[in-house]
Amino acid sequence: MPELPEVETVRRTLGPHLLGRTILAVHVGSYLPVIGAHSPDELSALVGGREITRLDRRGKYLLIGLDDRSGVIVHLRMTGALSVVDRDAPPLRFEQLRILLDDGRDLRFTDQRRFGRVTYRPATDARPLEAKLGPEPLSARFSAIYLATTLAGRTAPIKALVLDQRIVAGVGNIYADEALFRSRIHPRRRGGSLSAVEVARLRRAIRRALRLGIEHRGTTFSSYRDANGKEGGNQSRLLVYGRGRRGDPCPRCGLPLVVETVAQRTSHLCPHCQPFATPTKGRRTLRRDYPVE
Ligand SMILES: [Zn+2]
């Protein structure tokens, strides 16, 4: 499921294909909800003749910017993917939509689960995403002070809060588990129970996990591919995600990793390195849930 590093990798690999190209038309398949409120003809008329001037990312959203400052917002959700192919290439598997380009190629959107969306964003509504998205985790706005203030008093599990796109944009299940392991915080800890030191550690860990994901071109477990159809390289470098079910040894302490359901999501963690404890002054009190050797 594409998260920030995967969408960023798609953005980077799409750039050389799309920037400077002019859109001729849009062809939509039989599943019309993919384009949201517009009809296929309306969408085609709105973007037809427009040049693609920029490609941006906000959280897990990709923004294709056009020369009249309008744009197309792509949300890959679970299984959405974008690729650029020759116009006469046969329909791709699970193809939902084609954007015809002036160089004889198509930008094609495929989506097996059909939760993904490719929607028009008018120039007058340039920042529709801002209302529902928190800061970019790799920006200066995502400071330790911001995170501490936001988590203060929150009783929800920290895992749920890290996944909340209004608190920080772009983090999903994979990078949340990696960041919580790196910062040695149990995913079920209440957000408001984290000490200032833990909050700072968590912020650093989120940024580190995402940066590594981008550096290795994203994580592929099943469907994720970049715009050139290539799998990511980050899956073999994950510390805990996907390893709990097999009981693989913790990379830090060597004890078996485990899987737990937290906030309705599968969480991979080390119960030894990430004790479910509320730190008190001078010592740590450990709950009985996890016997610590
Ligand atoms: Zn461990």
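The values are calculated or read from the model by the stated rules, or taken from the named source; none is laboratory data. Bear in mind the structure is a predicted one, so any value in this text is a computation, not a measurement. All Cβ positions, even for glycine, are placed from backbone atoms using ideal geometry, and neighbour counts span all protein chains on display.
Total residues in segment 1-44 satisfying the condition of being surrounded by 17 or more Cβ atoms within 10 Å (Cβ to Cβ) and among the acidic types (Asp, Glu): the figure is 3.
The set of residues in segment 87-112 that are more than 17 Å from residue 13 (Cβ to Cβ) and in contact with a strand residue (DSSP E or B) (Cβ under 8 Å, 6 or more places away or on another chain) comprises 87, 89, 93, 94, 95, 96, 97, 98, 100, 102, 104, 111.
Residues being within 26 Å of residue 234 (Cα to Cα) and within 20 Å of the chain's Cα centre (by Cα) are represented in segment 83-96 by at least one member. Apart from one condition, residue 93 fits all of (1) within 30 Å of residue 242 (Cβ to Cβ); (2) crowded, with 16+ Cβ neighbours inside 10 Å; (3) at pLDDT 95 or above; the exception is (2). Taking the condition away from the ligand (no atom under 16 Å from the Cβ), out of contact with any Cys (no Cβ under 7 Å at 6 or more places or on another chain) and over 17 Å from residue 142 (Cα atoms), does residue 225 pass? Criteria met by residue 225. Considering only residues that are surrounded by 15 or more Cβ atoms within 10 Å (Cβ to Cβ) and more than 15 Å from the ligand (Cβ to nearest atom), look in segment 232-248 and name the one that is nearest to residue 18 (Cα to Cα). That would be 232. Note on segment 249-268: among residues that are loosely packed, with under 15 Cβ neighbours inside 10 Å, assigned to a loop (DSSP other than H, G, I, E, B) and touching a residue at least 12 places away in the same chain (Cβ under 8 Å), the one that is nearest to the ligand (Cβ to nearest atom) is 253. Please indicate, with yes or no, whether at least one residue in segment 37-54 is closer than 23 Å to residue 103 by Cβ, charged (D, E, K, R) and assigned to a strand (DSSP E or B). So far as segment 37-54 goes, yes, one or more of its residues are closer than 23 Å to residue 103 by Cβ, charged (D, E, K, R) and assigned to a strand (DSSP E or B).
Apart from one condition, residue 131 fits all of (1) modelled with pLDDT of 95 or more; (2) part of a helix (DSSP H, G or I); (3) not hydroxyl-bearing (Ser, Thr, Tyr); the exception is (1).
Within segment 244-272, the residues that satisfy the criterion of being at pLDDT below 95 and over 20 Å from the mean Cα position of the chain (by Cα) are 244, 245, 246, 247. Just so you know, in segment 58-78 the residues that are in contact (Cβ under 8 Å) with a residue 60 or more places away in the chain and out of contact with any Gly (no Cβ under 7 Å at 6 or more places or on another chain) include one that is surrounded by the most Cβ atoms within 10 Å (Cβ to Cβ), and it is 61.
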